[in-house]
1. Considering only residues of the range B:39-56 that are within 13 Å of residue B:287 (Cβ to Cβ) and outside any loop (DSSP other than H, G, I, E, B), which is nearest to the other protein chains (Cβ to nearest Cβ)?
2. So which residues in the range B:89-110 are surrounded by fewer than 19 Cβ atoms within 10 Å (Cβ to Cβ) and part of a helix (DSSP H, G or I), if there are any at all?
3. For the range A:305-333, which positions are in a helix (DSSP H, G or I) and out of contact with any strand residue (DSSP E or B) (no Cβ under 8 Å at 6 or more places or on another chain)?
4. Quick one: in the range A:111-121, which of the residues that are within 10 Å of chain B (Cβ to nearest Cβ) and surrounded by fewer than 21 Cβ atoms within 10 Å (Cβ to Cβ) is nearest to residue B:135 (Cα to Cα)?
5. Would you check if residue A:232 is at pLDDT 95 or above, in contact with a strand residue (DSSP E or B) (Cβ under 9 Å, 6 or more places away or on another chain) and either outside the structural domain of residue A:55 (by TED's automatic domain parsing) or assigned to a loop (DSSP other than H, G, I, E, B) (or both)?
6. Which residue out of A:144, A:161, A:124 is under 21 Å from residue A:198 (Cβ atoms), part of a strand (DSSP E or B), more than 10 Å from chain B (Cβ to nearest Cβ) and over 17 Å from the mean Cα position of the chain (by Cα)?
7. Report, by residue number, each residue of the range A:192-202 that is within 22 Å of the chain's Cα centre (by Cα) and not in a strand (DSSP E or B).
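The values are calculated or read from the model by the stated rules, or taken from the named source; none is laboratory data. Treat the numbers as computed from the prediction; the structure is a model and nothing was measured. Here the Cβ is made from the backbone with ideal geometry for all residues, glycine too, and neighbour counts use every protein chain on show.
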């Protein structure tokens with residue numbers, strides 16, 4: 001029997017892989033200016049510091065770090081995460097309410113594994129991060145998109161959906177949302193925590209960009225308003241230390257965290273110890289704050305340059321001005337199609353992600369997402385000029 | 001609504017976490033001699049070499065290693081794995097037929113994700129590694145155990161089961177099996193590859209212990225007899241370099257590997273780059289072979305010491321003499337219960353894993369698994385004396 005007769009699991013029906021990751025492969029062309037990714041700048045990756053830390057940690061406790069670790073995570077990291085969460089995200093939790101994971105993508109996977117049966121409903125922002133939409137789809141959940149406005153996801157609509165649809169979970173990115181760059185207002189953060197307890201819906205709060213704030217006031221996490229344990233908080237060090245290390249964490253109620261921990265036993269046994277220890281050293285030795293401060297100075301300049309040029313860019317009808325993060329979301333004039341125009345842009349040497357991919361049911365063909373972290377100010381100027389040329393030409397034709 | 005009303009996914013029905021990992025937690029008592037784990041010896045963990053490698057690699061290509069990597073894996077590692085597989089496992093595959101994963105546990109998870117719908121049947125050896133039985137159960141598959149004898153899993157029974165039950169997958173550990181220590185014979189390896197193609201069953205071949213051979217002749221992998229692509233080979237560096245690094249790989253037919261890769265996008269995006277680069281350096285610089293040779297000298301002495309004492313141990317009716325690996329599987333006299341006796345043993349300061357946990361449907365209460373890699377020859381002598389005392393006393397009472 002040839003392998004062509006293999007029967008795959010039904011969870012893959014209609015799944016074809018991350019559209020974004022496929023776009024990324026096209027960007028390997030030398031000289032391409034990519035506004036498509038969500039990667040940190042090369043200059044933001046602390047290679048020398050990590051080199052010395054890795055050596056020091058392995059020489060000092062290599063026999064522990066190279067051995068099997070606990071699924072529950074590297075003890076010192078759990079201990080240093082607790083005060084970090086209190087300080088940065090304004091909620092209190094004990095070390096045993098925190099599970100270090102292999103990137104916060106794994107936190108999403110484990111929450112789905114713990115909670116989702118096929119056919120269950122999961123509410124997502126419309127638009128939202130498409131990687132995690134794929135994660136949810138692989139658990140054969142039904143996505144229920146709820147629109148957002150300048151204050152983030154609309155809690156009036158959300159309450160209607162909670163009431164009528166009885167979803168298992170809400171997936172929400174409260175700060176500098178991907179792709180919109182929007183930040184959920186304080187009132188709505190409080191309201192979402194209330195709705196969660198009122199209707200018995202788990203909130204998967206995904207907050208990887210929070211430390212990348214360039215202007216405005218910090219807001220407490222949704223989880224800081226959580227009295228009953230319905231909010232599961234997913235954090236990541238991918239945007240502020242290194243994505244290549246694959247270290248994130250899940251902070252949640254103990255019973256939910258226990259299910260996720262059992263799920264993780266079969267996912268990868270535990271997250272690599274050395275990688276957890278490097279992040280722990282960043283927290284424990286106060287290396288993170290000054291590093292983030294330095295990154296933010298540069299990202300702020302890149303964002304402001306891009307925003308300034310976007311204001312003058314042909315074909316752009318409107319865009320959202322974020323207070324931080326990595327992305328700017330924009331809309332072209334009615335009738336223009338960012339997906340179709342991407343080919344011409346890539347030919348000119350600049351790329352972005354069409355916004356339609358971020359909507360659970362597509363549409364919104366005139367939207368697109370720009371990333372500014374991976375390009376220098378000079379590259380941003382050149383890339384925006386190319387975009388302006390293509391979009392302007394398209395309006396004429 | 002309190003969190004107590006949370007509704008978990010049905011995949012967790014009847015799942016309570018790995019029994020072995022729970023036993024391990026009891027072993028933290030100082031002075032405990034543990035024959036329970038499956039960890040490499042501390043002396044087998046190359047902390048100094050990894051410290052220098054990590055530093056060198058991060059200084060040399062830290063900007064790449066700390067950045068997002070491809071889900072498909074770190075390119076250089078895929079390239080160095082191909083000749084390694086040819087040399088060590090006797091099968092040919094191209095770099096794009098190899099997916100580096102976050103420990104071979106993830107390979108099992110991804111194969112299940114790609115293939116298993118609830119109710120599908122998965123054949124396992126009886127007994128087998130309980131961690132992967134849990135992985136399979138979390139996909140709500142039905143386990144179909146097939147007995148093994150001195151030549152490994154019985155292929156006559158296997159063919160009957162393939163014919164009648166139409167399973168999706170066979171999970172098999174061909175070399176120094178966990179827990180039995182048995183090695184699948186050459187004839188049966190060939191036969192399993194044939195049966196896979198004949199009946200359209202994916203073979204999940206798990207071969208992490210192969211390099212730990214202390215006596216006897218090496219055998220080619222089942223995959224070396226695979227003509228149609230039905231054999232998926234899972235490898236690991238946990239037993240020969242470091243489990244804490246979490247690097248393994250899956251070698252499989254491209255279409256199956258593509259499904260696993262899409263599954264991995266949502267599991268953890270990619271395996272940590274630094275960890276892949278360290279393993280790559282071990283392969284590329286020929287550091288692995290001499291390291292393994294050194295480990296094997298020591299493990300062989302530990303195994304032979306344990307086997308010698310087991311021959312004289314009270315209450316032990318029979319045991320399997322392995323040619324390598326980490327485990328010895330033994331049977332107590334009829335009527336003795338290794339699970340019940342464990343408490344007395346732990347009280348005396350020695351531990352093992354009751355064999356019943358390794359059988360899909362339990363039973364076999366008189367069996368137990370001993371590990372020799374984590375204990376020195378002196379500790380093995382002491383521990384076996386304690387076992388002898390407890391087992392002998394139990395026979396008298």
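1. Only one residue fits best here, namely B:50.
2. Those that are surrounded by fewer than 19 Cβ atoms within 10 Å (Cβ to Cβ) and part of a helix (DSSP H, G or I): B:95, B:96.
3. We begin by selecting, within the range A:305-333, every residue in a helix (DSSP H, G or I); these are A:305-310.
Scanning the range A:305-333 gives A:305, A:308, A:309.
4. Among those that are within 10 Å of chain B (Cβ to nearest Cβ) and surrounded by fewer than 21 Cβ atoms within 10 Å (Cβ to Cβ), it is A:117.
5. Criteria not met by residue A:232.
6. A:144
7. Residues satisfying the conditions are A:192, A:193, A:196, A:201.
So that you can scan it fast, the table gives a plain yes or no per residue for (1) in a helix (DSSP H, G or I); (2) within 20 Å of residue A:150 (Cα to Cα); (3) over 20 Å from the mean Cα position of the chain (by Cα):
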site	(1), (2), (3)
A:300	yes, no, no
A:370	no, yes, no
A:380	yes, no, yes
A:387	yes, no, yes
